[in-house]
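The values are calculated or read from the model by the stated rules, or taken from the named source; none is laboratory data. Since the model is a prediction, treat every value here as computed from it, not as a measurement. Here the Cβ positions follow ideal geometry from the backbone for every residue, glycine too, while neighbour counts run over all protein chains shown.
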Amino acid sequence: MSENNQELLRVEYLKKHFKVKRKYGAGKQVLKAVDNVSFTLNRGEVLGLVGESGCGKSTLGRTVLKLYDITEGKVVFDGTDITNYNFKQMRNIRKNMQMIFQDPYASLNPRMTIGDIVMSPLNTFNLGEKKDRIDMVCEMLKKVGLSTEYLYKLPHEMSGGQRQRVVIARAMISNPSFVVCDEPVSALDVSVRAQVLNLMKDMQDESQVAYLFISHDLSTVKYVCDRIAVMYLGHIVEIAESDELFKNPVHPYTQALLSAIPIPDVDQKRNRIILQGDVPSPINPPQGCPFKTRCTKYCARCDEKIPALEDIDGNGHMVACCNLD
Amino acid sequence: MENSILEVKNLKVDFIMDGERVNAVHEVSFKLGKGRTLGIVGESGCGKSVSATSIMRLLPKINTIVDDCTSIKLDDEELTTLSDKEFQKVRGNRISMIFQEPMTSLNPVYTIGKQLIEMVQSHQKISKKDAFETCVEMLEKVGIPEARKRMKEYPHQLSGGMRQRVMIAMALVCNPEVLIADEPTTALDVTIQAQILELMNKLKEDTKTSIILITHDMGVVAEVTDEVMVMYAGEVVEHDDVKEIFHNPMHPYTIGLLDSIPKLNQNTERLLTIDGTVPTLKNMPKVGCRFADRCHYCQDLCRTESPALKKVGTREVRCHFAGNLKAKEDK
């Protein structure tokens, strides 16, 4: 973890609602993908964002980068409020905020050579002298573990792990201070996954970039992240230091999520909390606490209002649950 | 293992790709005991799904060659010599399969009920009414609420977890002796995965069906299976009791695989990795060990001679140096 605890990103009461067509009949419904989410991210920190599919974690990542318009709320990046920035203003900032996508097969232009792909941020943001750029690309490729012979190759000549290395190189070459990593390893094989995770960790150690690391795999998140936020149905239900969260999960959903992961250990038999049912649709979320339909500690209080995040130990372990004793 | 229900010997599958004959599965042999669960693990392209689908005879005939010396015995009955028509009586009835994608393996234009009833009626002489009741019962068994109503619904009306339950119901409705589950939980969320795994464990105890579970998730293997077969590049590299494998992996690939997953219950400073990637079917090393290029312990012998599957106690392992790898670690 970095000693420099300066705030890099602050998100306040962020909402992202999508209007979706009704199946039958006229009119539109509102899908609340992200609802009232607040968190901060410090320089050089890795914040994990976990949750099941459809809980809004990817939407949150993209909204923070302003790839989606913000419905309500505030995003402050590096001291400047970027909530109402337009496309042109965003472009100046984008070299400091980059993204690594999930599917390395879909996120590289099949007609561009690897060299061109990695160089494109340099051209877009006008970084470095023109004649130096190719050297910068070579250096970057070396950093991500690819030899310079890949410069003139096309994406289809490479394996998934190598492509993901290219995606990382492209995100890192403009020397950003903040990178959103949207499930960067879930499309990769187990043995390759470890290589890419190690690479991302090395890059982070070296350049002190801050990651917003989105993943559904808690063991991966534990390996890379300093702090972890757990999302459910568009809300952050718990946020804590990584070790603290695993040692002392407080929210019933976090507890269930942790107990649901199969552990590769044959001696350990755990008491598993099996959640009943499925995640409700974000178009018709339950009244009150979003988790109440599957919660084991459901009571009348849960119907009343959506619980807010509260600091429970004075150390930044925040939980949103009305049944805290 | 005296009572084996399924015995596969020398399974060898070749594909024809661009006019070239490439080997996808090489000499896979195993016995599945009655009521046991065998896990097959490996990375994508290691031949685990191909092995399973070739047992089910679901591979396209046009570009697949299953070697003649292959023998697949179900309860001492040879399956490879059956004609396609005879095999249809086995497929779905005595051996059935659950596929990875519950979204695509159900037919979207027929109701759940129609698909389930078709399954029952094609294997049993039974009236439609009785078949309907059997199916409702089965749906209830796999934990689908309001089963009677669900029978009239279409796949798109169900969630992913529910669809996978329907797939399991469909696979088990004829009381098969062997169930092949090909990555049954990979497409599902963790909390749903936990539900499905619990369900499969429960059904196994109730019906005494033997299961072949194909997965790449070591966690799932540790929780559900009795024995594990690790595959790499079309070959079985290690096969033993699940506890033995996790406590004492012998093949360098298994060791690497276990080291490269982040553990929840301990703090890992740095993950150990296996260098390189799985060779593609066309680039498979022709001589020597198929894992040699990625192996930390590789010696000259590994490049020239393919290791055979050795027996060490109950363990089967395909490595020249299994058991005394440690000495060469500093190399």
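Points worth noting:
- Residues within region A:250-260 that are farther than 23 Å from residue A:281 by Cα and within 12 Å of another protein chain (Cβ to nearest Cβ), tallied: 1
- One residue stands out in region B:237-254 among those that are within 12 Å of another protein chain (Cβ to nearest Cβ) and touching a Leu at 6+ places or on another chain (Cβ under 8 Å): the one that is surrounded by the fewest Cβ atoms within 10 Å (Cβ to Cβ), namely B:246.
- Residue ranges of strands (runs of 3 or more DSSP E) in region B:24-93 with at least 2 members modelled with pLDDT under 90: B:64-66
- Test: residue in region A:311-321 that is touching a Ser or Thr at 6+ places or on another chain (Cβ under 9 Å) and modelled with pLDDT of 90 or more: yes
- Qualifying residue in region B:312-330 (condition: surrounded by fewer than 19 Cβ atoms within 10 Å (Cβ to Cβ), within 22 Å of the chain's Cα centre (by Cα) and either at pLDDT 85 or above or not acidic (Asp, Glu) (or both)): yes
- The set of residues in region A:11-42 being crowded, with 18+ Cβ neighbours inside 10 Å and charged (D, E, K, R) consists of A:16, A:32, A:35.
- Top-ranked residue in region B:152-162 [being within 15 Å of residue B:114 (Cβ to Cβ) and within 29 Å of the chain's Cα centre (by Cα); ranked as farthest from the other protein chains (Cβ to nearest Cβ)]: B:155
- The residues of region B:202-213 that are within 14 Å of another protein chain (Cβ to nearest Cβ) and under 24 Å from residue B:254 (Cβ atoms) amount to a single one, B:213.
- Residue count for region A:242-289 under the criterion of being polar (S, T, N, Q) and touching a helix residue (DSSP H, G or I) at 6+ places or on another chain (Cβ under 9 Å): the result is 7.
- Answer residue from region A:93-110, given it is under 17 Å from the mean Cα position of the chain (by Cα) and part of a loop (DSSP other than H, G, I, E, B) and is nearest to residue A:64 (Cα to Cα) among those: A:96
- Residue selection: residue A:174 fails the criterion of being modelled with pLDDT under 95 and under 15 Å from the mean Cα position of the chain (by Cα).
- Selection count where residues are surrounded by fewer than 22 Cβ atoms within 10 Å (Cβ to Cβ) and in a loop (DSSP other than H, G, I, E, B), scope region B:218-236: 1
- 2 or more residues in contact (Cβ under 8 Å) with a residue 24 or more places away in the chain: qualifying helices (runs of 4 or more DSSP H) within region B:237-331: B:242-247, B:252-259
- Count of region A:268-290 residues which are away from chain B (no Cβ under 12 Å) and surrounded by 12 or more Cβ atoms within 10 Å (Cβ to Cβ): 8
- With respect to the conditions (1) modelled with pLDDT under 90; (2) buried (at least 18 other Cβ atoms within 10 Å of the Cβ), residue A:1 lacks only one, and its number is (2).
- Qualifying residue in region B:152-162 (condition: touching a residue at least 12 places away in the same chain (Cβ under 8 Å) and touching a Phe, Trp or Tyr at 6+ places or on another chain (Cβ under 9 Å)): yes
- Being within 28 Å of residue A:63 (Cα to Cα), in contact with a strand residue (DSSP E or B) (Cβ under 7 Å, 6 or more places away or on another chain), among the aliphatic types (A, V, I, L, M) and surrounded by fewer than 19 Cβ atoms within 10 Å (Cβ to Cβ) is a description that does not apply to residue A:228.
- Taking helices (runs of 4 or more DSSP H) as the structural unit, those lying wholly within region A:138-246 and holding at least 1 residues that are without any contact (Cβ under 8 Å) to a residue 12 or more places away in the chain, touching a Gly at 6+ places or on another chain (Cβ under 8 Å) and within 11 Å of chain B (Cβ to nearest Cβ) correspond to A:190-207.
- Residue match in region B:259-274 (condition: buried (at least 23 other Cβ atoms within 10 Å of the Cβ) and either more than 7 Å from chain A (Cβ to nearest Cβ) or closer than 23 Å to residue B:307 by Cα (or both)): yes
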